[in-house]
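The values are calculated or read from the model by the stated rules, or taken from the named source; none is laboratory data. Computed from a predicted model, the values in this text were never measured in an experiment. Counting neighbours? That spans all protein chains shown, and the Cβs are built from the backbone with ideal geometry, glycine included. Side chains included, ligands, DNA and RNA excluded: accessible areas come from the protein's heavy atoms. Shrake-Rupley method; radii C 1.70, N 1.55, O 1.52, S 1.80 Å.
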Amino acid sequence: MSISAIVLAGERPGGNALAQHFGLQSGVLVEVAGQTCISRVLETLTASSSVDGGRVCGPEQAILEGSQELQELLESASFSWFSPESGPAESALATLASMSDRPVLLTAADHALLTPEIVDSFCNLSRLSDADFIVGLVPYARVREAFPYSKRTVLKFADGEYCGSNLFMVRTQEGARLLEVWRTIAQHRKKPWRMAREIGFATLLRYLMGRLTLAETLDQISDKAGCRVGHVEILAPRAAVDVDSVAD
């Protein structure tokens, strides 16, 4: 059974340093090996056997109207444009609210190394889970081996180290509650003490001391969100590499 996808293509508040470096209006228009990030992502999703169209949330309408490539891309793809909100969590929530079916795959338009095989693997494994919201995680050892010079954010748990994949599955209606927690925490990203309060000081301290396992972390997040949060392990290291900096 094919599912719909949401591709987040908006800009964060303050603009996109990568877009500014290349003199572009949006980071998703940066070319990787001669093809823009957003066209690569939409091409990949279309080629997968798991996804059947969906929404592209962003970029702003003015950017869309000024880009013939974006207009042609959306006309030829089975994705419709949706106006972005002030941040990724807000955009994801608003776009999700416009779609009635679940599950929905959530990814980003700067995920230029994504492949149909990675998408299908994540979707197939997610179908086996009973969680409401599923996160794709890549073992850091695989990422380090494949891309030794790539600087990635590493999540360090007591039982292993992982990188995010920018692949999420909102499996049920309740799964949107996790996005609401994400929105709340993101609002405090410039005030670490408030973020810590939202997460829970005891939980944060255990994580920083390397005493929190992945399962315990997901349980804590599930309790906070009021829905079941699970994970899928993705073995392809490419899944951990998006293009959001000049170094990438």
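Of note:
- Lys/Arg +1, Asp/Glu -1 at C-beta; the chain dipole; positive extreme among Ser100, Ala141, Leu128: Ala141
- With all protein chains in place and ligands, DNA and RNA left out, the 1.4 Å accessible area ranks His21, His231, His111 as His21, His231, His111, largest first.
- Two-site label geometry, Glu31 and Ser49: point separation in nm, points 7 Å out along Cα→Cβ: 3.4 nm
- Reducing the stretch 28-89 and the stretch 90-158 to their Cα centroids gives an inter-centroid distance of 17 Å.
- On Cα atoms only, tilt of 176-186 relative to the major axis of the chain in degrees: 90 degrees
- Axis angle, to the nearest 10 degrees, between helix 88-97 and the longest C-alpha principal axis of the chain: 80 degrees.
- Counting charges near Gly210 (Lys, Arg +1; Asp, Glu -1) among other residues having Cβ under 13 Å from its Cβ returns a value of 0.
- 10 Å binning of all Cα-Cα separations within the stretch 140-239, expressed as whole percents from 0 upward: 14, 40, 38, 8
- For the stretch 137-176, a Kirkwood hydrodynamic radius built from all Cα pairs, placed in the Stokes-Einstein relation at 4 °C and 1.567 mPa s, yields a translational diffusion coefficient of 111 µm²/s.
- Using 0.36 nm per residue and subtracting the Cα-Cα separation, the extra length available between Thr184 and Ser80 on full extension is 34.7 nm.
- Whether the chain is rounded, prolate or oblate, judged on the alpha carbon gyration tensor where a/c under 1.5 counts as rounded: rounded
- Stretching the chain fully between Glu233 and Ala146 yields a gain of 29.7 nm (0.36 nm per residue, less the alpha carbon separation).
- Distance between the modelled labels on Thr115 and Ala202, one decimal in nanometres: 4.5 nm (7 Å Cα→Cβ projection).
- Relative to the longest principal axis of the Cα atoms of the chain, the long axis of helix 214-225 lies at roughly 80 degrees.
- Remark: the stretch 16-26, residue by residue, has Karplus-estimated 3J(HN,Hα) of 10, 4, 5, 5, 5, 4, 9, x, 10, 7, 8 Hz, where x stands for each Gly or Pro and the curve is 6.51 cos²θ - 1.76 cosθ + 1.60 at θ = phi - 60°.
- Extension gain for Met209-Ser2 works out to 70.4 nm (0.36 nm per residue, less the C-alpha to C-alpha distance).
- The stretch 142-157 - phi-based ³J(HN,Hα) in whole Hz, Karplus 6.51/-1.76/1.60, Gly and Pro as x: 5, 5, 4, 5, 7, 10, x, 9, 8, 8, 10, 6, 10, 8, 9, 10
- Between the amide H of Leu167 and those of Gly136, distances stay under 5 Å, these residues lying 5 or more places away or on another chain, with hydrogens modeled in the peptide plane.
- By a 1.4 Å probe calculation restricted to protein chains, Trp81 has an accessible surface near 70 Å², given to the nearest 10.
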